[in-house]
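Worksheet: the structure to be examined is printed underneath.
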Amino acid sequence: MNATVATAACAASFCPIVELRQYTLHPGKRNILIELFEREFVETQEAVGMTLIGQFRDLDDPDRFVWLRGFADMPSRALALAAFYGGPAWQTHRDAANATMIDSDNVLLLRPLDVPTGFISDANNRHSHGSHDIDEELVVITLWYGAAPAIEGFANYFARQIAPLLAECAAPLAASFVTEYSSNSFPALPVREGEHVLVGVACFADHPAYARHVAALTHSIAWRVTLAEALTRFLVRPPETLRLAPTARSLLRGSYRRTHLPSLSTNVSTGDVL
């Protein structure tokens, strides 16, 4: 893909395919990786057709780096990854990046729950390299694990019962995703297979806003009943929560609000579309 065309496509894009990547790092190496990543691996990935959605510090694990990137579809994912990992930026800096990592294989391949529930990312809103982190903002990702026969039913239950309750408790979802079951189109980078996951993303302007949300859930009888029903009917274990601090150049931040989606001709909900 022509770099100019790819960059223009990334300027304001909806991503039907998303990777949620969680890296376990050597102690004390996270800031080193983030500085390198945000200097060398943001524009260079977007130049070959990816969208860098967000980069984060895990607030509950000082040695975990979490990030999201998106693609137009699975074939273009293969082309973009081959172009980047075979290209000069990665070839020049991969040893330094890999030296910070213990494990980089904790990767979920996702698609929006339905067309209105994905991200719109505008690379023109990204801060320049060298900007300071905005420490008070918070992104919370919740992973709901189901069994294969039950996950579709849970997705419907989530949209009808859980998402509205979250909104009532001051956490309207910025996006929601389910497992993308297509074969990994770039086998050199492993993804977690055999997973049946629904992922919800909520954004908070600051930590007190998140605390108010948690308090509202804690005191909500409707929430306790709904969660108990979900665990009984659909889920194989309690949900997993990632509390994430956006890095300086992350597009996805606490201030993110879902905007109007462009007209799409494909039905994302059916999966047709480092």
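Taking 7 Å steps out from each Cα toward its Cβ at Arg237 and Leu189 produces label points 2.5 nm apart. In terms of Cα atoms, the Rg and Dmax of the stretch 169-264 work out to 16.4, 47 Å. Taken over the stretch 114-210, the ratio of Cα radius of gyration to 2.2 N^0.38 Å equals 1.30. Close amide H contacts of Ile53 (hydrogens built in the peptide plane, cut-off under 5 Å, sequence separation of 5 or more or a different chain): Leu68, Arg69, Gly70. The calculated FRET efficiency for the pair His26 and Asp206, based on their C-beta separation and a Förster distance of 41 Å, comes to about 0.85. For the pair Ala215/Asn124, report the inter-label distance in nm, with labels modelled 7 Å from Cα in the Cβ direction. Modelled inter-label distance: 4.0 nm. When each of the peptides 246-252, 105-111, 123-129 is scored by the mean number of other C-beta atoms lying within 10 Å of its residues, the order from highest to lowest reads 246-252, 105-111, 123-129.
A Stokes-Einstein calculation at 25 °C with viscosity 0.890 mPa s, built on the Kirkwood radius of the chain over Cα pairs, returns a diffusion coefficient of 128 µm²/s. Near the amide H of Asp206, within less than 5 Å, lie the amide hydrogens of Leu138, all on another chain or at least 5 residues away, with H placed in the peptide plane. Max-minus-min Cα coordinates of the stretch 65-154 on each principal axis give 46, 34, 29 Å, with the largest extent listed first. Here, P(r) means the percent of Cα pairs in each 10 Å bin from 0 to the largest distance; for the stretch 28-184 it is 8, 33, 37, 19, 3. Taking only the alpha carbons of the stretch 8-78, we obtain Rg and Dmax values of 13.1, 38 Å in that order.
Estimated at 0.36 nm per residue, the fully extended path between Ala222 and Ser255 surpasses their Cα-Cα distance by 9.1 nm.
Every read-out reported here was derived from the displayed coordinates using simple, explicitly stated rules and does not represent laboratory data. From a predicted model like this one, the values you see are computed outputs, not experimental measurements. Because the Cβ atoms are built from the backbone with ideal geometry, glycine has one as well, and the counts that use them run over all protein chains shown.
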